Amino acid sequence: MENLIKELRTQIAAMNKTHVGKYNLSDSVLDNLYSVYPFNKFEYIISHLIGTDTISLQQYLNLRNEYLERNKYLYVFEITAPRTFGETWAQRHLNEIVPELRRPSTSYDPNYSGQYDFLYDGIRIEVKASRAVRRKSGDSLIIKALSSDSKYGFDMNFQQIKPSCCDVFVWIAVWRDVIRYWVLSSNEVATNKYYSTGQHRGNHDEGQLWLKETNINDFNTYEVGVRDILSKIVEKGRHN
């Protein structure tokens, strides 16, 4: 979003030089512009820029494509319900990129009662997901969403972690432009210095773990590419 706003301000300045005093696209006007989806201040700005020949249609298309490329996962931040994101989207996403993972049931595990999300060759797998959002901001998730090269401080909270209920964790972290994956054994999570127990009063063996710009590099050893997720699950599950 920052790049788009910067580019649009440059084009507005160019338009103002060519059409002195004819149009008012100041921040105060744009901020008070009455918007109803899909008509908003960006549509308002771009229509002025195209209508005054400040940018061509091809320049607009280039601008649009560059924005889409920088924000290919922005739609994930539109999922407002935590349960829908953490369970529905995250589990489906992992199963799409690693189709070998099997949904558990009592036919495969007689003791299964929802403790974990996937099963592979006897290895119990729990999926946790979080999104990188700007810290200290009261805006909506989609406004707070950060790109992977952002300099802003961010929070990613992996919640309701129960190491005793699975063999391997797959963590999925979403930025506007990239998705990153970490694979850890349950023991590596339980003994991690950032793992905090007692997330909810009375819950036994349940905790949470915060990833921030200050500690995310400490997890580099657990990060894997998409093609290596399954092999790392097997490695961690066999040696847990």
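The values are calculated or read from the model by the stated rules, or taken from the named source; none is laboratory data. Since the model is a prediction, treat every value here as computed from it, not as a measurement. Virtual Cβ from ideal backbone geometry, glycine too; neighbours counted across all protein chains shown.
Could you list all residues from segment 52-72 that are under 27 Å from G21 (Cα atoms), polar (S, T, N, Q) and surrounded by 15 or more Cβ atoms within 10 Å (Cβ to Cβ)?
Correct list: T52, T54.
How many of the residues making up segment 14-46 are hydrophobic (A, V, I, L, M, F, W, C) and under 16 Å from L4 (Cα atoms)?
So the count comes out to 6.
List every residue pair whose Cβ atoms sit under 6 Å apart, with the two residues 6 or more apart in sequence or on different chains, where the first one lies in segment 53-74 and is within 17 Å of T10 (Cα to Cα) and the second, anywhere, is among the small types (G, A, S) and surrounded by 11 or more Cβ atoms within 10 Å (Cβ to Cβ).
Note: pairs meeting the criteria are T54/A14.
Counting only residues that are surrounded by 20 or more Cβ atoms within 10 Å (Cβ to Cβ) and β-branched (V, I, T), give me the strands (runs of 3 or more DSSP E) lying completely in segment 130-240 with at least 2 of them.
Correct list: 168-174.
For the subset of segment 33-51 comprising residues that are among the hydrophobic types (A, V, I, L, M, F, W, C) and not in a helix (DSSP H, G or I), which member is surrounded by the most Cβ atoms within 10 Å (Cβ to Cβ)?
L33
Please go through segment 73-113 and pick out each residue that is β-branched (V, I, T) and surrounded by 17 or more Cβ atoms within 10 Å (Cβ to Cβ).
Those that are β-branched (V, I, T) and surrounded by 17 or more Cβ atoms within 10 Å (Cβ to Cβ): V76, I79, V98.
If we keep just the residues of segment 15-32 that are assigned to a helix (DSSP H, G or I) and not hydroxyl-bearing (S, T, Y), which is surrounded by the most Cβ atoms within 10 Å (Cβ to Cβ)?
Per the stated criteria, the residue is M15.
Six or more apart or on different chains, Cβ atoms under 6 Å: show the pairs whose first residue is in segment 80-98 and at positive phi and not assigned by TED's automatic domain parsing to the domain that holds Y120 and whose second is among the basic types (K, R) and modelled with pLDDT of 95 or more.
Short answer, once both residue conditions are applied: none.
Considering only residues that are within 25 Å of D139 (Cα to Cα) and of a type in the set (D, E), look in segment 1-59 and name the one that is modelled with the highest pLDDT.
Checking each candidate, the answer is E43.
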